[in-house]
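The values are calculated or read from the model by the stated rules, or taken from the named source; none is laboratory data. Here the structure is a predicted model, which means the values were calculated and not measured. Every residue, glycine as well, gets a Cβ built from its backbone with ideal geometry; the counts of neighbours run over all protein chains shown.
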Amino acid sequence: PDAPLMRLPETGPKEVRELAHAFNGMQARIAELMERRTQALAAVSHDLRTPMTRLRFRMEDVDDPVLRAAMAADVAEMEQMVDATLSYLRGEASEEPVRPLDLVALVETLVDNARDRGLAADLAAPPRLVVAGRLVSLKRMVSNLLENAILYGGAAHVVLAEEGGEAVLMVRDKGPGIPDDQLSAVLEPFVRLEASRSRSTGGVGLGLPIARAVAQAHGGTLILENGAGGGLVVTVRLPKVQPETN
């Protein structure tokens, strides 16, 4: 929606003028719909967060610590669902500029954070691997992949490598994998392989779709496959840039 409209000149033969006029009208309608969607998302975000904030304050008046903890967990679950859903609906739109980023440093920080929380995660990577990207979006992508691997597979084994002009990020887990006929389905929004919708078993089914959207927004790809020795393997390929040398 931020890109300028490519308005066609409405000149030439009648058929060409009519086609150009229809195309320009379609573009204008799409731009208006996108703008309305953005405004609606902002309103929804504000309207949902306000009552959740009130609930957090009211929880302090609950004397029963067990009940208070359960209420806090419910509110946290709602906040996470709202954040994930809004993030997906925004399409990871961001005003953050694209700049050279060391993917190794970014992934290493997130892996270390997971290990500090007592989770199983490890990383094999070269000293440096630079991509052109948005820090916040790439952090969300990697975080989603790590959390998915740890949640469903018990561990996240991460490998970063350089292949030609691409930076390759592989995240492997030790879980049961995904049936081959459902590998594409789990990349669609809100798809869950198990009936439960508890946060303890994976939230609302947006982690992988958001990760794929981020990869695509950076000119890359994300694919899923079952590992030869078991577990799920997620492979992200991003265009690599050469760091400037003085």
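Only one of these is acidic (Asp, Glu), exposed (fewer than 11 other Cβ atoms within 10 Å of the Cβ) and either in contact with a Pro (Cβ under 7 Å, 6 or more places away or on another chain) or modelled with pLDDT under 85 (or both): 47, 63. Name it.
47
Residue by residue, here is whether (1) at pLDDT 80 or above; (2) surrounded by 18 or more Cβ atoms within 10 Å (Cβ to Cβ); (3) in contact with a Lys or Arg (Cβ under 7 Å, 6 or more places away or on another chain); (4) not small (Gly, Ala, Ser) holds:
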| site | (1), (2), (3), (4) |
| --- | --- |
| 213 | yes, yes, no, no |
| 235 | yes, no, no, yes |
| 242 | no, no, no, yes |
| 246 | no, no, no, yes |
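Could you say which residue among 135, 169, 129 is surrounded by 20 or more Cβ atoms within 10 Å (Cβ to Cβ), in the same structural domain as residue 206 (by TED's automatic domain parsing) and within 18 Å of residue 210 (Cα to Cα)?
From the options 135, 169, 129, the qualifying one is 169.
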